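Contents: one structure, followed by commentary.
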Amino acid sequence: MDGQMVDWRDAKIHVLTHTLHYGCGAFEGVRAYETVGGTAIFRLREHTERLFNSAKILRMKIPFTIEQVEEAQKAVVRDNNLASGYLRPLTWVGSEKLGVSAKNNTIHLMVAAWPWGAYLGEEGLKRGIRVKTSSYTRHHVNITMTQAKAVSNYTNSILANAEATDDGYDEALLLDASGFVSEGAGENIFIVKNGVIYTPDLSAGALNGITRNTIFHIAKDLGLEIVQKRITRDEVYIADEAFFTGTAAEVTPIRELDRIEIGIGSRGPITEKIQSAFFDIVGGRNPKYAHWLTPVNG
Ligand code: PMP
């Protein structure tokens, strides 16, 4: 926390913290995996760069270097003796002054880590999850900035996820302001039709997911074509397969949207191949991507 290793119970902030009131802050979600070469953080550089880019978009200057923030993430996993887990770096605006203007307030940064299994359940990874199209629209690209992983963007995600799970579904699918498919509450979406993989282009307001990018590499290796395009809700209904991706969600098949079964109604064959390649990479079993794994003891 701000450059010091602080015990969990002592990692506190003031109630007048600017970000707590107005939501201008940025965070990351990162995973450390137990790999054949020891515990390693997956795509640490890309996550750390995205954190700095989010801060830049939000006009916040992080008072540390990328290298220092990378070191902090490695140290937190190490000092907590985690073999694997989830990391949460967060940068926020301090409590010096309240009111909408955050100018001249201090900028802070912390990294927490804890053990975290499959975000949408082990069963979800195997059988697929049930998804509902949200009644909430995803942020338009000129509202809170969709390429920033901004704290305030997540009220939209929380509402969508709560609505879907209160209705008995596992997760929400959000559409953009024009009604095209954008993303899940905390995941990017992919569909498969006639052997081709499709995902919304980023103009639909989806986050530029690092797992999404990993899928692009995997698809190329598997000789599968990926097309970024506008996708309609009914294209998902009639897709052969669909899946969500994210650091927390990893590669989670979608078996149903709005009670309409997708394809065979469970994990499809292309999803399974991609999922298996993904777990090989994060587990350190694919030497081609060894550079994506940063050992915490290195
Ligand atoms: N969209 C949203 C809204 C998210 O919160 C996340 C998780 N960070 C993603 C997509 C997936 O991004 P990534 O693969 O980088 O975790």
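The values are calculated or read from the model by the stated rules, or taken from the named source; none is laboratory data. Just so we're clear, the structure is a prediction, and the values are computed from it rather than from any experiment. All Cβ positions, even for glycine, are placed from backbone atoms using ideal geometry, and neighbour counts span all protein chains on display.
The table below gives the values:
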item	result
Candidates Leu51, Leu44 - the one that is hydrophobic (A, V, I, L, M, F, W, C), in contact with a helix residue (DSSP H, G or I) (Cβ under 6 Å, 6 or more places away or on another chain) and under 22 Å from Thr247 (Cα atoms)	Leu44
Residue in the stretch 253-267 that is without any contact (Cβ under 8 Å) to a residue 60 or more places away in the chain and closer than 23 Å to Ser84 by Cα present	no
Residue within the stretch 233-245 that is assigned by TED's automatic domain parsing to the domain that holds Tyr136, under 21 Å from Asn153 (Cβ atoms) and modelled with pLDDT of 95 or more present	yes
Qualifying residue in the stretch 26-48 (condition: over 27 Å from Phe279 (Cα atoms), crowded, with 21+ Cβ neighbours inside 10 Å and more than 22 Å from the chain's Cα centre (by Cα))	no
3 or more residues under 17 Å from His108 (Cα atoms) and within 15 Å of the ligand (Cβ to nearest atom): qualifying helices (runs of 4 or more DSSP H) within the stretch 1-94	44-57
Residue count, the stretch 131-142 (criterion: of a type in the set (S, T, N, Q) and in a loop (DSSP other than H, G, I, E, B))	1
Inter-residue pairs, beta-carbon under 9 Å, first farther than 19 Å from Thr155 by Cβ and in the stretch 167-187, second in a loop (DSSP other than H, G, I, E, B) and hydrophobic (A, V, I, L, M, F, W, C), 6+ apart	Asp170/Leu120; Phe180/Ile231; Val181/Ala206; Val181/Ile231
In the stretch 108-130, the residues that are assigned to a strand (DSSP E or B) and in contact with a Gly (Cβ under 7 Å, 6 or more places away or on another chain)	His108, Ala113, Trp114
Failed item, numbered, when Ser101 is tested on (1) of a type in the set (Gly, Ala, Ser); (2) outside any helix (DSSP H, G or I); (3) in contact (Cβ under 8 Å) with a residue 24 or more places away in the chain	(3)
Output for the stretch 240-262, where each listed residue is of a type in the set (A, V, I, L, M, F, W, C), within 16 Å of the ligand (Cβ to nearest atom) and assigned to a loop (DSSP other than H, G, I, E, B)	Ala248, Ala249
